[in-house]
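The values are calculated or read from the model by the stated rules, or taken from the named source; none is laboratory data. Computed from a predicted model, the values in this text were never measured in an experiment. Every residue, glycine as well, gets a Cβ built from its backbone with ideal geometry; the counts of neighbours run over all protein chains shown. With ligands, DNA and RNA removed, areas are computed over all heavy atoms of the protein, side chains included. Shrake-Rupley method; radii C 1.70, N 1.55, O 1.52, S 1.80 Å.
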Amino acid sequence: MTQHDLKLFGMEAAKGRWVFVAIGLLINVCLGSIYAFSVFRKPLENLWNITSSQSGYPFMVFLAIFAVAMPLAGNLIGRWGPGNTATLGGLLAGTGWIAASFSGDIFTLTVLYGVIGGAGVGIVYGCPIAVVAKWFPRHSGLAIGLTVMGFGVSALLIAPLMKAMILQPDIGILRTFLYLGIAFTVVTTLLARLLRFPPTEWTPALSNNPAVEASPPSAINLDRQAMLKTTSFYALWATYTIGCLAGLMAIGIASPVGTEVAQLDAPTAALAVSLFAVFNGLGRPLFGALTDRLGPKQTAMVSFAMIMSASLLLFFFGQDNAMLYLLAFCVLWMCLGGWLALAPTATGIFFGKQFYAQNYGSMFTAYGAGAILGTLLSGSIKDITGSYLHAFPVVAGLAALGFLIAAIGLNPVKAGQARPESAE
């Protein structure tokens, strides 16, 4: 069966499969609202008289549970299919938001929003990616990048809505959780019902452009157990961790670096963060397309060269330099977005698409490791040295290490390295 024999949404599969990209993008706009959580922090501190560290607990727990739930969700996708799995995750995520509106203190909010909501997002997140990866067996990077772009630009779209709702006297902080939770539940679960994998016998027809179709889909399909026996997995996991560490650290300290180092006023620093969010979103289709064209190894090396350059420039010339601050943080945020397209694309290239959901679920634990290490690194260096600037030479060194790992270890799995077409 080819794309001409199968109809999707009333179109040939070659065109109709792009609807799955749009569905995934919209789902990710809902899921990525976690990146706008900083909007809640000051109002929560005033509401419950808590510290700035305490107001960050729900965000930190949410990201940790999100990363932990991804590998578990991979198994569910394999058994239930993407539609049912995404529906469950959407219901959980929405329940977390809705239940959070009944919280009486920050610890209750952390459990309801951070644990339940984070688990729901972790279950949903991999579903549209797995669907798009299978509908685009050749050169899936651009399609995956556009799918996850919604997560990156979500804060840009959702944060102003959150602020407006919180400031409304008849809504306030806790009811904002309630109303957004209801909206996210409806949107996510309805869209989830449209997600499905292609028939096993379906293959896309070749295009008339030989350059586009020069690379056939991978003949190797490794299950999770076989993937874990390859050096390519550990090379990709390590580079993914370093890429996420640099990017998530930049997200966490963008505003204070803007005010304390670049000497921007608070409104300008807040506006700068909106600019960075645009680059975070654009980095996903950009690096996805680069991965299609250059391959994972060269694209990863480009990313690390950019991270290293931006970090060193910030360290040596960043003090009181607003333009360099804007340039460097645009690069760092863009590279984080890039890794969230590069890594899922590389997972399909190296290990095949048959067990994709399970495999990328395991690979995504690198995101959680990067989030934890990035947060600890920036906070500890600030406490020790008194300035966030001293975190950047460490990031540059890690980027150099990532460059070397990519150059040596990011290689396609050879047929003899692990058993192909294994069953999980």
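The angle separating the long axis of helix 57-80 from the principal Cα axis of greatest extent in the chain is about 10 degrees.
Using only Cα positions of the stretch 45-151, each an equal point scatterer, no hydration layer, compute I(q)/I(0) via Debye at q = 0.13, 0.14, 0.20 Å⁻¹ and quote the log10 values to two decimals. At q = 0.13, 0.14, 0.20 Å⁻¹ the computed log10 ratios are -0.54, -0.60, -0.97.
Each principal axis of the Cα atoms in the stretch 282-424 has its own extent, and those three values, largest first, are 56, 30, 25 angstrom. Summary of the geometry: the stretch 51-66 and the stretch 143-205, compared by the centres of their Cα atoms, lie 20 Å apart. Net charge of the neighbourhood of Ile106, taken over other residues with C-beta under 11 Å away and scored Lys/Arg +1, Asp/Glu -1, is -1. Among the chymotrypsin sites (Phe, Trp or Tyr not before Pro) within the stretch 64-149, those in coil by DSSP and having at most 13 neighbouring Cβ atoms inside 10 Å are Phe102. Per the Debye formula on identical point scatterers at the alpha carbon atoms of the stretch 1-96, with no solvent, log10 I(q)/I(0) at q = 0.13 Å⁻¹ is -0.66.
Against the main long axis of the alpha-carbon atoms of the chain, helix 118-135 sits at an angle near 30°. Evaluated at q = 0.14 Å⁻¹, the base-10 log of the normalised Debye intensity for the stretch 89-154, with identical point scatterers placed on the Cα atoms, takes the values -0.52. Counting lysine pairs in the chain whose alpha carbons fall under 14 angstrom apart, excluding pairs fewer than 8 residues apart on the same chain, gives 4. For the stretch 220-302, the set of trypsin sites (Lys or Arg not before Pro) satisfying both a DSSP loop assignment and a count of at most 15 other C-beta atoms within 10 Å is given as Lys229. Compactness of the chain was expressed as the Cα radius of gyration divided by 2.2 N^0.38 Å, which yields 0.96. Solvent exposure of the chain, expressed per residue, is 40 Å² of accessible area, with all protein chains present and a 1.4 angstrom probe. With a cut-off of 14 Å on the backbone N, the residues of the stretch 346-382 near the modelled label site 7 Å out from Arg79 along Cα-Cβ are 358.
By accessible area, using a 1.4 Å probe on protein heavy atoms only, the chain has 68% of its surface on carbon and sulfur. As I understand it, the value is the acute angle between the Cα axis of helix 322-351 and the longest principal axis of the Cα atoms of the chain; what does it come to in degrees, rounded to 10? In the chain, helix 322-351 runs at an angle near 30 degrees to the longest axis. The helix-based estimate of mean residue ellipticity at 222 nm for the chain, built from -39,500 (n - 2.57) per DSSP H run of four or more residues and divided by its residue count, is -25000 deg cm²/dmol to the nearest 500.
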